[in-house]
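To start, the structure under review is shown below, and the notes come after it.
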Amino acid sequence: MKRSRLGALDVTSIGLGSAPLGGLFAPVSDADAQATVERAWSLGVRFFDTAPLYGFGLAERRLGAFLRQQPRDSYVISTKVGRLLRAPESAAAEDEHYKGTTRERPVFDFSHDGVMRSVEESLERLGLGRVDVLLVHDPDDHYDDAVAGAFRALQRLREDGTVKAIGAGMNQSEMLVRFAEVVPVDCFLLAGRYTLLDQGALNALFPLCQTRNIGILLGGIYNSGILANPHTGAKFNYQDADAGLVARALALDELCRKHGTDLKAAALQFCMAHPAVTVAVMGARNEAEVVDNIAMSERAVPPAFWQELRARELVDARAPLPGGV
């Protein structure tokens, strides 16, 4: 598998995202989770992304159960800060997104001390002595706290060698630009904002990151599923997609079929073609999805597809396409 540099780290161009292993939208058994991580490893994946939010600790525990059996320097793992997991005083209702979880629920805390506690608790759940990348997670409504507290803690951890890279993980690009302008970050995890349906990252984030050598870990490449299986009721950005988005996804799917290829292959390879993208972080909930993700990164997408995509102006004219189209 192709490898890239993320600051001082050597990473595979495809990583395993663990939100599905935490029961995103549907529960996942321990056996399926273990088999998923094992298959990703067997296919050469050596970058793994997780967070306390994913299954409220479940994804970290499941990922750690496998990774702590591997040589520590043979992989790179990222997790996130900004949410502490705490058991509510009363019974917790089932979460809207994560199924089959414990009763713990996330509580926002972007303070310096909260971040330090978060790291300690993540390491305990993972069963590891360290992580490689720490990201401030979804600070959309907490910009000031993130800058004054969370990033101050992360810079301290990077300076003392506890972690190798720091940044933020968000579903928007605008605030990431603001962070890049005031914090010496190494990378960002951007979810869903550079895809065949949404190229908002081209406006400011990607050019700035390329200028400052900030790596992009790109998640949400299928936009929560609509680019994997476009249909009425498909998810976009974790919510039901509106009719206009469904129509655009169906048009892309029709174009792929016309050229004898797969929409998932086009979606993934479109994202990986941008030089700002360091790792394509692909979620999976079972072995079959891992195998499919790797296959889609390698499946032939004919130049004629990209040429027609460009000619029909179905993506931003600034977006680089595979093969230099």
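The values are calculated or read from the model by the stated rules, or taken from the named source; none is laboratory data. Since the model is a prediction, treat every value here as computed from it, not as a measurement. We place every Cβ from the backbone using ideal geometry, glycine too, and count neighbours over all the protein chains shown. Quick note on the areas: whole protein, heavy atoms, side chains included, nothing else; ligands and nucleic acids left out. Shrake-Rupley method; radii C 1.70, N 1.55, O 1.52, S 1.80 Å.
In the set 165, 191, which member is within 30 Å of residue 310 (Cα to Cα), surrounded by 18 or more Cβ atoms within 10 Å (Cβ to Cβ) and of a type in the set (Gly, Ala, Ser)? Don't jump to the end; show me each part of the working.
Numbers: 165 fails: within 30 Å of residue 310 (Cα to Cα).
Being within 30 Å of residue 310 (Cα to Cα), surrounded by 18 or more Cβ atoms within 10 Å (Cβ to Cβ) and of a type in the set (Gly, Ala, Ser) holds for just one of 165, 191, which is 191.
Name the pairs: first residue in the stretch 287-307 and closer than 12 Å to residue 267 by Cα, second residue at pLDDT below 95, Cβ to Cβ under 6 Å, at least 6 apart or on different chains?
Taking only residues 6 or more apart or on different chains, the pairs are 306/325.
Quick one: which residue in 72, 61 is within 18 Å of residue 121 (Cα to Cα), over 16 Å from the mean Cα position of the chain (by Cα) and in contact (Cβ under 8 Å) with a residue 12 or more places away in the chain? Lay out the reasoning, then the answer.
Details: 72 fails: within 18 Å of residue 121 (Cα to Cα).
Being within 18 Å of residue 121 (Cα to Cα), over 16 Å from the mean Cα position of the chain (by Cα) and in contact (Cβ under 8 Å) with a residue 12 or more places away in the chain holds for just one of 72, 61, which is 61.
In the stretch 64-123, what count of residues is obtained for those that are assigned to a loop (DSSP other than H, G, I, E, B) and either open to solvent by 20 Å² or more (accessible area, probe 1.4 Å) or of a type outside the set (Phe, Trp, Tyr) (or both)? Please lay out each step first, then the result.
Of all residues in the stretch 64-123, those assigned to a loop (DSSP other than H, G, I, E, B) come to 68-71, 75, 82, 87-97, 99-104, 109-111.
Adding the requirement that they be either open to solvent by 20 Å² or more (accessible area, probe 1.4 Å) or of a type outside the set (Phe, Trp, Tyr) (or both) leaves 68-71, 82, 87-97, 99-104, 109, 111.
Of the residues in that region, 24 qualify.
Within the stretch 168-188, can you find the residues that are farther than 25 Å from residue 267 by Cα and either of a type outside the set (Lys, Arg) or open to solvent by less than 50 Å² (accessible area, probe 1.4 Å) (or both)? Don't jump to the end; show me each part of the working.
Initial filter on the stretch 168-188 (farther than 25 Å from residue 267 by Cα): 178-186.
Passing the criteria: 179, 180, 181, 182, 183, 184, 185, 186.
Please give the number of the condition residue 243 fails out of (1) closer than 22 Å to residue 139 by Cβ; (2) among the hydrophobic types (A, V, I, L, M, F, W, C); (3) more than 19 Å from the chain's Cα centre (by Cα).
Going through (1) closer than 22 Å to residue 139 by Cβ; (2) among the hydrophobic types (A, V, I, L, M, F, W, C); (3) more than 19 Å from the chain's Cα centre (by Cα) one by one, residue 243 breaks only (1).
So is residue 198 within 17 Å of residue 53 (Cα to Cα), in a loop (DSSP other than H, G, I, E, B), under 17 Å from the mean Cα position of the chain (by Cα) and touching a residue at least 24 places away in the same chain (Cβ under 8 Å) or not?
Values: within 17 Å of residue 53 (Cα to Cα): no; in a loop (DSSP other than H, G, I, E, B): yes; under 17 Å from the mean Cα position of the chain (by Cα): yes; touching a residue at least 24 places away in the same chain (Cβ under 8 Å): yes.
In short, no.
Please name all residue pairs, on different chains or six or more residues apart, with Cβ atoms under 9 Å, provided the first residue is in the stretch 96-125 and is under 25 Å from residue 28 (Cβ atoms) and the second residue is open to solvent by 50 Å² or more (accessible area, probe 1.4 Å) and assigned to a helix (DSSP H, G or I).
Correct list of pairs: 125/61.
Is it the case, given these coordinates, that residue 267 is touching a helix residue (DSSP H, G or I) at 6+ places or on another chain (Cβ under 9 Å) and without any contact (Cβ under 8 Å) to a residue 40 or more places away in the chain?
no
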